[in-house]
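Rule-based calculations on the coordinates, nothing more; no lab input. Everything quoted here is computed from the prediction, not taken from an experiment. Don't worry about glycine lacking a Cβ; one is built from the backbone with ideal geometry, like all the others, and counts go over all protein chains shown.
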Amino acid sequence: MTVGGWREGRVVETVAATPSARVLRVQVPGWPGSAAGQHVDIRLTAEDGYQAVRSYSLGSYGEADTIELAVDEVPDGEVSPYLVRDVRPGDELEVKGPLGGYFVWRPGGVAPVQLIAGGSGVVPLVAIARAATDAGAGASMRLLYSVRTAEDAIYRDAIERAGQDGGVEVSWRYTRAAPDGWQGPVGRLDDDALREATWPPQREPVVYVCGPTGFVEHVADALVRLGHAPSRIRTERFGGA
Ligand SMILES: Cc1cc2nc3c(=O)[nH]c(=O)nc-3n(C[C@H](O)[C@H](O)[C@H](O)COP(=O)(O)OP(=O)(O)OC[C@H]3O[C@@H](n4cnc5c(N)ncnc54)[C@H](O)[C@@H]3O)c2cc1C
């Protein structure tokens with residue numbers, strides 16, 4: 001039943017994704033389906049009636065009524081520690097959505113697509129890479145994922161599958177420590193790294209950038225400096241510094 005756009009969802013599975021993140025599969029009866037890149041609002045209600053609402057991107061897309069979220073714990077946060085540590089299969093969460101019509105990818109475009117993620121910002125970009133793989137459009141897509149260390153990478157398996165089976169060109173950037181045998185530099189994404197790992201501006205890609213607010217602003221500014229048209233850069237800010 002829908003009340004004010006809210007549906008009752010039931011958690012059906014939780015899977016550890018990294019030491020601080022979990023993938024939650026939530027069945028939502030009546031779910032209308034979603035496009036790749038959309039998000040939902042999740043509402044929690046405490047016994048005393050206090051409510052908290054936060055947005056979470058969908059790592060899934062399409063018609064199925066079981067949706068997938070991936071939540072990274074923000075230390076001392078109000079909602080994310082509960083979703084990462086305490087939620088169990090069978091628990092109920094209220095879900096509103098799908099939401100967002102701008103940070104969305106649909107098959108059929110002609111321009112190449114560049115995905116750039118920082119941390120948990122990879123979630124909607126995984127949905128987009130999955131949709132492109134299923135549509136046979138992976139070869140026009142590149143994904144650059146900036147993450148602290150290899151073990152902090154959410155959806156590593158899905159990303160590697162999109163690279164191997166889907167033809168998406170995947171590049172990694174480690175900001176704290178690289179895995180053994182890593183040849184490339186370690187550190188924050190800079191202009192050189194973006195130039196090397198992304199479609200050049202001359203190819204006029206549509207660029208999707210997602211992650212913590214500071215990451216998104218840093219990358220979007222660099223892309224404009226490198227010659228990308230601001231109108232072709234789509235951003236989704238997850239909050240924080
Ligand atoms: C459209 C959208 C999609 C999102 N998708 C996801 C997703 O797929 N996975 C995911 O894990 N999160 C996602 N977020 C972030 C999420 O909505 C929450 O902000 C996050 O889980 C923190 O909530 P909290 O209640 O635990 O922290 P709060 O109690 O709200 O905040 C605690 C402190 O942490 C800071 N903070 C808030 N958000 C962040 C952040 N993202 N990074 C660092 N510091 C932060 C706050 O400024 C505050 O100081 C998304 C946000 C938006 C707007």
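A few comments on the model shown:
- Distance histogram in 10 Å bins (all Cα pairs of the stretch 79-164, percent per bin): 14, 39, 33, 13, 1
- Normalised convex hull volume, the stretch 1-125, alpha-carbon set, Å³ per residue: 116
- The magnitude of the dipole of the chain, with charges of +1 and -1 set on the Cβ of Lys/Arg and Asp/Glu and taken from the Cα centre, is near 600 debye.
- Computed about the Cα centre, the dipole magnitude for the stretch 1-144 is approximately 560 debye when only Lys and Arg (+1) and Asp and Glu (-1) carry charge, each at its Cβ.
- Panel order for Ile42, Ile233, Ile116, by other beta carbons found within 10 Å of each beta carbon, from fewest to most: Ile233, Ile42, Ile116.
- Contact order for the stretch 18-67, expressed relative to its length and based on alpha carbon pairs under 8 Å spaced 6+ residues apart, stands at 45 percent.
- The stretch 131-199: C-alpha gyration tensor shape, a/c 1.5 cut-off, then a/b vs b/c: oblate
- Dipole of the chain computed with +1 at Lys/Arg Cβ and -1 at Asp/Glu Cβ about the Cα centre; of Val3, Gly77, Val209, farthest Cα towards the positive end is Val209.
- Gyration tensor verdict on the stretch 86-241 (Cα atoms; rounded if a/c is under 1.5, prolate if a/b is larger than b/c, oblate otherwise): rounded
- Of Arg106, Arg54, the sequence from fewest to most neighbouring Cβ atoms within 10 angstrom is Arg106, Arg54.
- Relative protection proxy for 18-28, 187-197, from highest mean packing down: 18-28, 187-197 (other beta-carbon atoms within 10 angstrom).
- Taking Glu63, Glu204 and counting other C-beta atoms within 10 Å, the order from fewest to most: Glu63, Glu204
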